[in-house]
Amino acid sequence: MKNIFGGASSPIDPGKLEPALTEWLRSPLGQALLTAERERLAPVVSRVFGYHVLQLSCAPEIDMLADCPVCHQIRFAPGWYAGRTLPIADIENLPLATDSMDAVLLHHTLDFTPDSHRLLREATRVLRPGGRLIIVGFNPLSLWGLSKALHWRNATPWNARFISRRRLTDWLSLLDFHVESVGYGGYLAPVKHPGILGLAPDFERWFDRLGNPAGAFYMIVAGKQRIPLIPVTPRWKMVRAPSMGSPLAETGRVASGRGTIIPFRPRQK
């Protein structure tokens, strides 16, 4: 049962992982999982507003931001081949300015990246204060986590880390994120049988009503918090000093105790 609770795995090279993971996600089982994930993502990404949204995925050809209204959506690929239109970058060392993204989606990236902590810190760096971090990851406390433990071959996607939701929320807390919501989905057995896969929408509807936390994936939505360290200068109220200068005969006025000037009417002769 090694690694069933999110223990360390040995993810393969990103250049080799991308075609293997993309091919698996286009299989019937992968498509059923993506359908469940998109349904869970739709109400979240449709409420994202701003100018720039970033999707980080080990299978960047799979678009998970179709329901997002933000026009400028960025995806990076790990390598180049003929006909590729996506920009190339190391997702653990992003060529983006600090505090430049309005939202960042990590789609199973933490499950496969060589250094999950570094990737999470990099995603935090490029996300602006108040921005949204959306994480989709494999849930180790599920039938899929059990299937990972029982697989003898190091095949995709069973070579993923399956980081536990509790551990991930602890990491987010250390990075000053506020976890806004945690959801689960993918209530289908990890099998290739067409009849069982055909029942996936029904499973999703039934178990979602029960709030079952044993879905194949979890989705965490967190907001980036940052308190600006700007010194506050105290505003001292200006108090006018009482009038203590000229005699009454010269001014024709008297001074109140609070510094206000009260007119004094001369005596009638």
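Just so it is clear, none of the values below were taken in a lab; they were calculated from the coordinates. Keep in mind it's a predicted model, so treat the numbers as computed, not measured. For neighbour counting, all protein chains shown are included, and Cβ atoms are generated from backbone atoms with ideal geometry for every residue, glycine included.
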Length released on extending from Glu61 to Thr35, taking residue separation times 0.36 nm less the Cα-Cα span
7.8 nm
What net charge do the residues around Gln55 carry, taking every other residue with its C-beta under 9 Å from that of Gln55, with Lys and Arg at +1 and Asp and Glu at -1?
0
Estimated dipole of segment 101-183 in Debye, rounded to 20 [Cβ of Lys and Arg +1, of Asp and Glu -1, Cα centre]:
200 debye
For the pair His178 and Leu146, what calculated FRET efficiency results from E = 1/(1 + (r/R0)^6), where r is the Cβ-Cβ distance and R0 = 45 Å, to the nearest 0.05?
0.90
For an R0 of 22 angstrom, estimate the FRET efficiency from the Cβ-Cβ distance between Asn93 and Asp13 and round to the nearest 0.05.
0.85
Contact order normalised by residue count of segment 25-108, Cα under 8 Å, 6+ apart, percent:
32 percent
